[in-house]
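Working notes, beginning with the structure itself.
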Amino acid sequence: MNAAAAAGTWKLGDLEVNRIGYGAMRLTGNGMLGNSDDTPIDRGAAVRLLHSAFEQGVNHIDTAAFYFSPLRSANELINRALASWRDDVVVATKVGPGRDASGEWFSMASPDQLRGHVEENLRQLGRDHLDVVYLRSNGLDSVAEHFGALAELRAAGLVRHLGLSSVRPQHVTEARAIAPVVCVQNSYGLDWRRADESGLVDLCLEQGIAFVPFFAISGLRREAAADQERDARLHTVARAHGATPAQIRLAWTLHRGPHVLAIPGTSNPAHLAENIAAGALRLTQEELALLDRLYSERM
């Protein structure tokens, strides 16, 4: 069994993936987040990192055309890395918000602009169709018109499967009335559980939809890289498993349900191996209860 398969698998529609995947945002550095001091890794190193992920069994990559810095594009690095792995890796991307060539954000595309977003992802990834496309809602009250536009692109063969990102339960219901939803991607982790409070995680399980958290390691620190974990209880659980606190955070997330996928991102090969290995960790009920108390005390 490859390392990434230790946590099991889930199907995004008809595409089976290991539950430990990889998020590509950090391949570009954090320039897209306004931190110009975070320099992206060398292109060759980025491709080698992706090849290492594939060799360890990662077959689900999360990306977006707006993951770029002045020096790097995540999509184009993925395209280069996939030269000999193209049929083995599911690539999921996001559309809706975007950035212009200078890096400035625009909040949300109109429905008729989404085809351009899809075509830009196709060009950058070197594909004739996209495996999975998320509509990132960016505060939309209704997703119907935008999701309907993507459903038309799915019917035309440009997109295989559709997902939703940064949404509420009512958006899932609204979208499923238009076309199948195979995955939902929201911020979620040990100390950031709005998707539990709203019932979204359980709704996804009931409907057979993958729930794909982002910021599962960084939690309330969101885009920030994992820093020194201060809670002694998390360190206690980590020591019991010979693991790092970041690995325990990932393991806790995967324990939330068989439909939960992980997409931790890193530019560090050692952290990549640690993230993948987290899928093999099995937390006890006592440890899960201890970690849950950590969250309740921070509320």
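Across segment 66-84, the number of residues qualifying as over 26 Å from Ala6 (Cα atoms) and at pLDDT 95 or above comes to 6. The condition (being crowded, with 23+ Cβ neighbours inside 10 Å, modelled with pLDDT under 95 and small (Gly, Ala, Ser)) is satisfied by just one residue among Ala175, Ala210, Ala216: Ala216. Any chance segment 175-192 includes a residue that's in contact with a helix residue (DSSP H, G or I) (Cβ under 8 Å, 6 or more places away or on another chain), assigned to a helix (DSSP H, G or I) and either in contact (Cβ under 8 Å) with a residue 24 or more places away in the chain or under 25 Å from Asp14 (Cβ atoms) (or both)? Yes; the residues of segment 175-192 include at least one that is in contact with a helix residue (DSSP H, G or I) (Cβ under 8 Å, 6 or more places away or on another chain), assigned to a helix (DSSP H, G or I) and either in contact (Cβ under 8 Å) with a residue 24 or more places away in the chain or under 25 Å from Asp14 (Cβ atoms) (or both).
Considering each residue of segment 251-258 in turn, at least one proves to be in a helix (DSSP H, G or I) and aliphatic (A, V, I, L, M).
Among the residues examined, Ala243 does not qualify as farther than 27 Å from Lys11 by Cα, in a loop (DSSP other than H, G, I, E, B) and at pLDDT below 95.
Answer yes if at least one residue in segment 80-87 is surrounded by 14 or more Cβ atoms within 10 Å (Cβ to Cβ), more than 19 Å from the chain's Cα centre (by Cα) and not β-branched (Val, Ile, Thr), and no otherwise.
First, pick out the residues of segment 80-87 that are surrounded by 14 or more Cβ atoms within 10 Å (Cβ to Cβ): 80-82, 85.
Keeping just the survivors that are more than 19 Å from the chain's Cα centre (by Cα) gives 80, 85.
Of the ones still in play, those that are also not β-branched (Val, Ile, Thr) are 80, 85.
Yes.
Considering Thr28, Thr63, the condition of being surrounded by 18 or more Cβ atoms within 10 Å (Cβ to Cβ), within 16 Å of the chain's Cα centre (by Cα) and farther than 27 Å from Phe147 by Cβ is satisfied by Thr28 alone. Among residues of segment 142-167 that are in contact (Cβ under 8 Å) with a residue 60 or more places away in the chain, those with a beta-carbon under 6 Å from a residue that is small (Gly, Ala, Ser) at least six positions away or on a different chain give the pairs His161/Gly13.
Picking from residues in segment 53-103 that are in contact (Cβ under 8 Å) with a residue 60 or more places away in the chain and among the charged types (D, E, K, R), the one that is farthest from Val167 (Cα to Cα) is Arg99. Residue count for segment 259-279 satisfying the condition of being more than 16 Å from the chain's Cα centre (by Cα) and within 21 Å of Leu12 (Cα to Cα): 0.
Listed residues Ser187, Ser165; which is under 30 Å from Arg233 (Cα atoms), surrounded by 17 or more Cβ atoms within 10 Å (Cβ to Cβ) and hydroxyl-bearing (Ser, Thr, Tyr)? Testing whether each residue is under 30 Å from Arg233 (Cα atoms), surrounded by 17 or more Cβ atoms within 10 Å (Cβ to Cβ) and hydroxyl-bearing (Ser, Thr, Tyr) leaves just Ser187. Summed over segment 26-55, residues that are at pLDDT 90 or above and closer than 10 Å to Ser69 by Cα total 1.
The set of residues in segment 129-139 being assigned to a loop (DSSP other than H, G, I, E, B) and either modelled with pLDDT of 95 or more or on the phi > 0 side of the Ramachandran plot (or both) consists of His129, Asn138, Gly139. Do the conditions hold for Val58, that is, is it modelled with pLDDT of 95 or more, assigned to a loop (DSSP other than H, G, I, E, B) and either of a type in the set (A, V, I, L, M, F, W, C) or under 21 Å from Ala216 (Cα atoms) (or both)? Yes: the conditions hold for Val58.
The values are calculated or read from the model by the stated rules, or taken from the named source; none is laboratory data. Only a predicted model underlies this, so the values are computations on that prediction, with no experimental measurement involved. Reconstructed Cβ throughout: ideal geometry from the backbone, glycine too, with neighbour counts over all protein chains shown.
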